[in-house]
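Working notes for the structure below.
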Amino acid sequence: MKVTPQIKCGSGLARECGRSVAESLGSARGHLYCALTMAALLAVSSFPAFAEPLLERAQSRGTLNVCTSDEFPPFKTLDANGKPSGLIMDLIVDLQQQLSTRVGQPLQLSLVQVNPLNRLLFLDQGRCEVLVTSLLDTPARRREVDFASPGFYSSAATVFAPRSIAVPNWESLRGKTLCAPATSVWVRPFERRYGVQFASFNGTAEVRKAVADSRCLGAMGDDALYSALARQPEWADYEVKLPGQDPAPWGIALRKGQPELLAAVSEIVEGWHANGLIIQLEQRYGLTPNAWVAQQHAQARHE
(Lines give C-alpha, C1' and ligand atoms only; values in the text may rest on other atoms or scores of the structure.)
Protein backbone atom coordinates (compact mmCIF):
# COMPACT_ATOMS: atom_id res chain seq x y z
CA MET A 1 0.00 0.00 0.00
CA LYS A 2 1.36 3.40 -0.89
CA VAL A 3 0.22 6.81 0.27
CA THR A 4 0.16 9.73 -2.14
CA PRO A 5 1.29 12.92 -0.35
CA GLN A 6 -1.32 15.59 0.28
CA ILE A 7 -1.22 18.59 -2.03
CA LYS A 8 -1.68 21.48 0.35
CA CYS A 9 -2.65 24.05 -2.24
CA GLY A 10 -5.54 22.02 -3.66
CA SER A 11 -9.16 23.05 -3.29
CA GLY A 12 -12.56 21.42 -3.67
CA LEU A 13 -15.50 22.18 -5.90
CA ALA A 14 -16.92 25.68 -5.76
CA ARG A 15 -19.47 24.79 -3.14
CA GLU A 16 -16.72 23.34 -0.97
CA CYS A 17 -14.88 26.65 -0.98
CA GLY A 18 -17.04 29.72 -1.60
CA ARG A 19 -17.46 32.63 0.71
CA SER A 20 -16.47 30.80 3.89
CA VAL A 21 -12.85 30.41 2.78
CA ALA A 22 -12.55 34.06 1.86
CA GLU A 23 -13.92 34.97 5.28
CA SER A 24 -11.59 32.60 7.12
CA LEU A 25 -8.48 33.83 5.36
CA GLY A 26 -9.58 37.43 5.47
CA SER A 27 -9.54 40.44 3.14
CA ALA A 28 -7.54 40.46 -0.08
CA ARG A 29 -5.69 37.22 0.63
CA GLY A 30 -8.91 35.29 1.08
CA HIS A 31 -10.52 36.73 -2.05
CA LEU A 32 -7.37 36.02 -4.07
CA TYR A 33 -7.38 32.42 -2.80
CA CYS A 34 -10.95 31.85 -3.95
CA ALA A 35 -10.36 33.64 -7.24
CA LEU A 36 -7.48 31.29 -7.99
CA THR A 37 -9.60 28.34 -6.87
CA MET A 38 -12.41 29.31 -9.23
CA ALA A 39 -9.95 29.78 -12.09
CA ALA A 40 -8.58 26.30 -11.50
CA LEU A 41 -12.07 24.84 -11.40
CA LEU A 42 -13.00 26.53 -14.66
CA ALA A 43 -9.86 25.16 -16.25
CA VAL A 44 -10.71 21.65 -15.08
CA SER A 45 -14.31 21.94 -16.31
CA SER A 46 -13.07 22.85 -19.79
CA PHE A 47 -11.64 19.36 -20.25
CA PRO A 48 -13.89 16.47 -21.23
CA ALA A 49 -15.00 14.22 -18.37
CA PHE A 50 -13.34 10.84 -17.98
CA ALA A 51 -15.39 8.44 -20.05
CA GLU A 52 -13.88 5.09 -19.11
CA PRO A 53 -15.47 3.08 -16.29
CA LEU A 54 -13.30 3.62 -13.25
CA LEU A 55 -13.60 0.02 -12.07
CA GLU A 56 -12.20 -1.20 -15.40
CA ARG A 57 -9.44 1.39 -15.20
CA ALA A 58 -8.50 0.20 -11.72
CA GLN A 59 -8.47 -3.38 -13.00
CA SER A 60 -6.20 -2.58 -15.93
CA ARG A 61 -3.90 -0.61 -13.64
CA GLY A 62 -3.99 -3.26 -10.93
CA THR A 63 -4.46 -0.57 -8.29
CA LEU A 64 -7.47 0.80 -6.43
CA ASN A 65 -6.98 4.48 -5.66
CA VAL A 66 -8.90 5.57 -2.57
CA CYS A 67 -9.11 9.22 -1.55
CA THR A 68 -9.06 9.57 2.23
CA SER A 69 -8.25 12.23 4.79
CA ASP A 70 -7.08 12.77 8.34
CA GLU A 71 -9.77 11.78 10.83
CA PHE A 72 -10.08 11.67 14.59
CA PRO A 73 -8.75 8.58 16.33
CA PRO A 74 -9.83 5.82 16.40
CA PHE A 75 -11.70 6.34 13.11
CA LYS A 76 -8.42 6.85 11.28
CA THR A 77 -4.99 7.44 12.74
CA LEU A 78 -1.41 6.21 12.51
CA ASP A 79 -0.36 3.14 14.45
CA ALA A 80 2.98 2.65 16.25
CA ASN A 81 4.63 1.81 12.91
CA GLY A 82 3.30 4.94 11.20
CA LYS A 83 0.73 3.03 9.15
CA PRO A 84 -2.91 4.16 8.80
CA SER A 85 -5.29 2.30 11.08
CA GLY A 86 -8.74 2.66 12.58
CA LEU A 87 -12.38 1.94 11.75
CA ILE A 88 -12.41 3.80 8.44
CA MET A 89 -9.07 2.29 7.41
CA ASP A 90 -10.34 -1.22 8.16
CA LEU A 91 -13.37 -0.57 5.96
CA ILE A 92 -11.14 0.72 3.15
CA VAL A 93 -9.07 -2.48 3.28
CA ASP A 94 -12.21 -4.64 3.24
CA LEU A 95 -13.54 -2.62 0.29
CA GLN A 96 -10.28 -3.20 -1.59
CA GLN A 97 -10.39 -6.93 -0.89
CA GLN A 98 -14.01 -7.33 -1.95
CA LEU A 99 -13.54 -5.31 -5.15
CA SER A 100 -10.47 -7.44 -5.93
CA THR A 101 -12.64 -10.53 -5.65
CA ARG A 102 -15.30 -9.00 -7.89
CA VAL A 103 -12.88 -8.16 -10.70
CA GLY A 104 -11.10 -11.49 -10.35
CA GLN A 105 -7.61 -10.12 -9.66
CA PRO A 106 -5.68 -8.49 -6.81
CA LEU A 107 -5.97 -4.72 -6.65
CA GLN A 108 -3.16 -2.98 -4.81
CA LEU A 109 -4.42 -0.30 -2.43
CA SER A 110 -3.16 3.24 -3.01
CA LEU A 111 -4.27 5.95 -0.59
CA VAL A 112 -4.61 9.47 -2.00
CA GLN A 113 -4.47 12.01 0.81
CA VAL A 114 -7.07 14.79 0.55
CA ASN A 115 -8.49 17.52 2.75
CA PRO A 116 -12.02 18.99 2.96
CA LEU A 117 -11.19 21.65 0.38
CA ASN A 118 -9.83 19.40 -2.39
CA ARG A 119 -11.55 16.05 -1.81
CA LEU A 120 -14.40 16.49 -4.30
CA LEU A 121 -12.09 18.02 -6.89
CA PHE A 122 -9.72 15.05 -6.68
CA LEU A 123 -12.66 12.69 -7.04
CA ASP A 124 -14.01 14.62 -10.03
CA GLN A 125 -10.59 14.61 -11.69
CA GLY A 126 -10.39 10.82 -11.42
CA ARG A 127 -7.40 10.80 -9.08
CA CYS A 128 -9.24 8.14 -7.09
CA GLU A 129 -12.03 5.67 -7.73
CA VAL A 130 -13.77 6.27 -4.40
CA LEU A 131 -13.65 8.77 -1.54
CA VAL A 132 -13.91 7.20 1.92
CA THR A 133 -13.97 9.75 4.75
CA SER A 134 -16.46 11.10 7.28
CA LEU A 135 -18.12 12.97 4.38
CA LEU A 136 -21.79 13.67 5.10
CA ASP A 137 -24.23 12.49 2.44
CA THR A 138 -26.46 15.53 1.81
CA PRO A 139 -28.80 16.55 -1.04
CA ALA A 140 -26.47 19.40 -2.02
CA ARG A 141 -23.47 17.08 -2.30
CA ARG A 142 -25.48 14.53 -4.27
CA ARG A 143 -25.76 17.15 -6.99
CA GLU A 144 -21.97 17.02 -7.28
CA VAL A 145 -21.13 13.34 -6.70
CA ASP A 146 -22.81 9.96 -6.26
CA PHE A 147 -22.97 8.23 -2.89
CA ALA A 148 -23.09 4.53 -2.21
CA SER A 149 -26.32 3.72 -0.44
CA PRO A 150 -26.68 3.15 2.42
CA GLY A 151 -24.02 5.16 4.20
CA PHE A 152 -21.62 3.38 6.53
CA TYR A 153 -21.81 5.60 9.63
CA SER A 154 -23.68 8.65 10.88
CA SER A 155 -23.18 11.77 12.95
CA ALA A 156 -24.85 15.02 13.94
CA ALA A 157 -23.67 18.53 14.77
CA THR A 158 -22.46 19.20 18.29
CA VAL A 159 -20.13 21.51 20.21
CA PHE A 160 -16.78 20.40 21.65
CA ALA A 161 -15.27 22.77 24.21
CA PRO A 162 -13.31 22.90 27.48
CA ARG A 163 -15.10 21.41 30.49
CA SER A 164 -14.68 24.75 32.27
CA ILE A 165 -16.93 26.53 29.75
CA ALA A 166 -20.68 26.32 30.31
CA VAL A 167 -22.77 25.70 27.19
CA PRO A 168 -26.27 24.92 28.51
CA ASN A 169 -28.02 25.00 25.13
CA TRP A 170 -27.65 26.08 21.51
CA GLU A 171 -29.30 29.44 22.19
CA SER A 172 -26.50 30.30 24.63
CA LEU A 173 -24.07 30.35 21.69
CA ARG A 174 -25.62 33.42 20.04
CA GLY A 175 -22.82 35.85 19.19
CA LYS A 176 -20.15 33.36 20.29
CA THR A 177 -17.40 32.11 17.94
CA LEU A 178 -16.92 28.44 17.15
CA CYS A 179 -14.22 26.88 14.98
CA ALA A 180 -15.32 24.70 12.07
CA PRO A 181 -14.03 23.41 8.73
CA ALA A 182 -14.75 25.84 5.90
CA THR A 183 -16.74 23.16 4.08
CA SER A 184 -19.00 22.19 6.99
CA VAL A 185 -22.62 21.79 5.91
CA TRP A 186 -23.72 22.96 9.35
CA VAL A 187 -22.16 26.43 9.35
CA ARG A 188 -24.85 28.32 7.42
CA PRO A 189 -27.85 26.68 9.15
CA PHE A 190 -26.46 27.33 12.62
CA GLU A 191 -25.55 30.91 11.76
CA ARG A 192 -29.18 31.49 10.80
CA ARG A 193 -30.78 29.38 13.51
CA TYR A 194 -28.76 30.41 16.56
CA GLY A 195 -26.68 33.41 15.53
CA VAL A 196 -23.41 31.52 15.99
CA GLN A 197 -20.29 33.09 14.51
CA PHE A 198 -17.67 30.88 12.91
CA ALA A 199 -13.92 30.93 12.37
CA SER A 200 -13.30 28.68 9.37
CA PHE A 201 -10.31 26.42 8.73
CA ASN A 202 -9.14 24.13 5.95
CA GLY A 203 -9.56 20.89 7.88
CA THR A 204 -10.19 19.19 11.20
CA ALA A 205 -6.52 19.18 12.23
CA GLU A 206 -6.47 22.98 11.96
CA VAL A 207 -9.74 23.18 13.89
CA ARG A 208 -8.36 21.06 16.72
CA LYS A 209 -5.24 23.22 16.97
CA ALA A 210 -7.33 26.41 17.03
CA VAL A 211 -9.47 25.00 19.84
CA ALA A 212 -6.37 23.96 21.80
CA ASP A 213 -4.97 27.49 21.29
CA SER A 214 -8.26 29.02 22.58
CA ARG A 215 -8.85 30.88 19.34
CA CYS A 216 -12.57 30.15 19.68
CA LEU A 217 -14.98 29.02 22.38
CA GLY A 218 -14.92 25.50 20.98
CA ALA A 219 -15.47 23.51 17.82
CA MET A 220 -18.65 22.59 16.01
CA GLY A 221 -18.54 19.26 14.23
CA ASP A 222 -19.54 15.60 14.18
CA ASP A 223 -20.70 14.24 17.52
CA ALA A 224 -19.31 10.79 16.67
CA LEU A 225 -15.84 12.20 15.99
CA TYR A 226 -15.70 14.53 18.97
CA SER A 227 -17.13 11.95 21.39
CA ALA A 228 -14.23 9.69 20.39
CA LEU A 229 -11.72 12.55 20.63
CA ALA A 230 -12.89 13.40 24.16
CA ARG A 231 -11.73 9.94 25.27
CA GLN A 232 -8.14 10.61 24.19
CA PRO A 233 -5.85 11.47 27.14
CA GLU A 234 -4.61 14.72 25.61
CA TRP A 235 -8.20 16.00 25.37
CA ALA A 236 -9.26 15.01 28.90
CA ASP A 237 -10.13 18.64 29.75
CA TYR A 238 -12.64 18.88 26.88
CA GLU A 239 -16.10 17.42 26.35
CA VAL A 240 -19.06 17.24 23.99
CA LYS A 241 -21.48 19.88 25.21
CA LEU A 242 -24.81 19.37 23.45
CA PRO A 243 -27.00 16.65 21.95
CA GLY A 244 -26.49 16.35 18.21
CA GLN A 245 -28.66 18.16 15.69
CA ASP A 246 -29.18 17.72 11.93
CA PRO A 247 -27.90 14.13 11.64
CA ALA A 248 -26.69 12.74 8.32
CA PRO A 249 -24.99 9.52 7.18
CA TRP A 250 -21.35 9.25 6.15
CA GLY A 251 -21.28 8.03 2.57
CA ILE A 252 -18.66 6.61 0.23
CA ALA A 253 -18.55 9.07 -2.66
CA LEU A 254 -17.88 8.34 -6.34
CA ARG A 255 -17.67 10.48 -9.44
CA LYS A 256 -20.94 10.58 -11.33
CA GLY A 257 -21.45 8.26 -14.27
CA GLN A 258 -20.00 5.08 -12.75
CA PRO A 259 -23.06 2.82 -12.30
CA GLU A 260 -21.15 -0.47 -12.14
CA LEU A 261 -18.77 0.72 -9.44
CA LEU A 262 -21.59 2.47 -7.56
CA ALA A 263 -23.66 -0.72 -7.49
CA ALA A 264 -20.68 -2.79 -6.34
CA VAL A 265 -19.74 -0.41 -3.52
CA SER A 266 -23.36 -0.08 -2.40
CA GLU A 267 -23.68 -3.86 -2.20
CA ILE A 268 -20.47 -4.08 -0.16
CA VAL A 269 -21.71 -1.45 2.31
CA GLU A 270 -25.03 -3.28 2.62
CA GLY A 271 -23.02 -6.37 3.51
CA TRP A 272 -21.12 -4.49 6.22
CA HIS A 273 -24.42 -3.66 7.88
CA ALA A 274 -25.91 -7.12 7.39
CA ASN A 275 -22.95 -9.06 8.82
CA GLY A 276 -22.33 -6.60 11.65
CA LEU A 277 -18.78 -5.67 10.58
CA ILE A 278 -19.16 -2.01 11.53
CA ILE A 279 -20.53 -2.93 14.96
CA GLN A 280 -17.60 -5.31 15.45
CA LEU A 281 -15.18 -2.50 14.57
CA GLU A 282 -16.90 -0.16 17.04
CA GLN A 283 -16.31 -2.76 19.74
CA ARG A 284 -12.70 -3.31 18.66
CA TYR A 285 -11.89 0.39 18.91
CA GLY A 286 -13.91 1.10 22.05
CA LEU A 287 -16.39 3.42 20.35
CA THR A 288 -19.78 4.27 21.79
CA PRO A 289 -22.36 2.26 19.80
CA ASN A 290 -23.87 4.36 17.02
CA ALA A 291 -27.68 4.15 17.10
CA TRP A 292 -27.98 4.67 13.34
CA VAL A 293 -25.53 1.83 12.64
CA ALA A 294 -27.48 -0.46 14.98
CA GLN A 295 -30.68 0.45 13.15
CA GLN A 296 -29.12 -0.29 9.77
CA HIS A 297 -27.86 -3.64 11.06
CA ALA A 298 -31.30 -4.64 12.34
CA GLN A 299 -32.95 -3.54 9.10
CA ALA A 300 -30.42 -5.37 6.90
CA ARG A 301 -30.85 -8.61 8.85
CA HIS A 302 -34.60 -8.60 8.19
CA GLU A 303 -34.40 -7.85 4.47
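Here are a few things to note about the model shown:
- Any hit, the stretch 257-279, residues being assigned to a strand (DSSP E or B) and of a type in the set (Gly, Ala, Ser): no
- Test: residue in the stretch 106-125 that is more than 15 Å from Trp250 (Cβ to Cβ), touching a Ser or Thr at 6+ places or on another chain (Cβ under 6 Å) and surrounded by fewer than 16 Cβ atoms within 10 Å (Cβ to Cβ): yes
- The residue pairs whose first member lies in the stretch 231-251 and is assigned to a loop (DSSP other than H, G, I, E, B), whose second member is surrounded by 19 or more Cβ atoms within 10 Å (Cβ to Cβ) and charged (D, E, K, R), and whose beta carbons are closer than 7 Å, counting only pairs six or more residues apart or on different chains, are Gly244/Asp223; Gly251/Asp137.
- Taking the listed residues Ala205, Ala182, the one that is surrounded by fewer than 20 Cβ atoms within 10 Å (Cβ to Cβ), within 24 Å of Ile252 (Cβ to Cβ) and at pLDDT below 95 is Ala205, with no other qualifying.
- As a summary of the residue check, Ala228 satisfies the conditions (1) of a type in the set (A, V, I, L, M, F, W, C); (2) farther than 23 Å from Arg143 by Cα; (3) surrounded by fewer than 21 Cβ atoms within 10 Å (Cβ to Cβ) except for the one numbered (3).
- One residue stands out among those in the stretch 63-76 that are of a type outside the set (D, E, K, R) and closer than 18 Å to Gln280 by Cα: the one that is surrounded by the most Cβ atoms within 10 Å (Cβ to Cβ), which is Phe75.
- Flag for Gly151 being in contact with a Pro (Cβ under 7 Å, 6 or more places away or on another chain) and either closer than 19 Å to His273 by Cβ or touching a residue at least 40 places away in the same chain (Cβ under 8 Å) (or both): yes
- With respect to being in contact with a helix residue (DSSP H, G or I) (Cβ under 8 Å, 6 or more places away or on another chain) and modelled with pLDDT of 95 or more, Leu242 fits the description.
The values are calculated or read from the model by the stated rules, or taken from the named source; none is laboratory data. Values in this document were obtained by computation on a predicted structure and should not be read as measured data. Cβ atoms come from the backbone with ideal geometry, glycine included; neighbour counts cover every protein chain shown.
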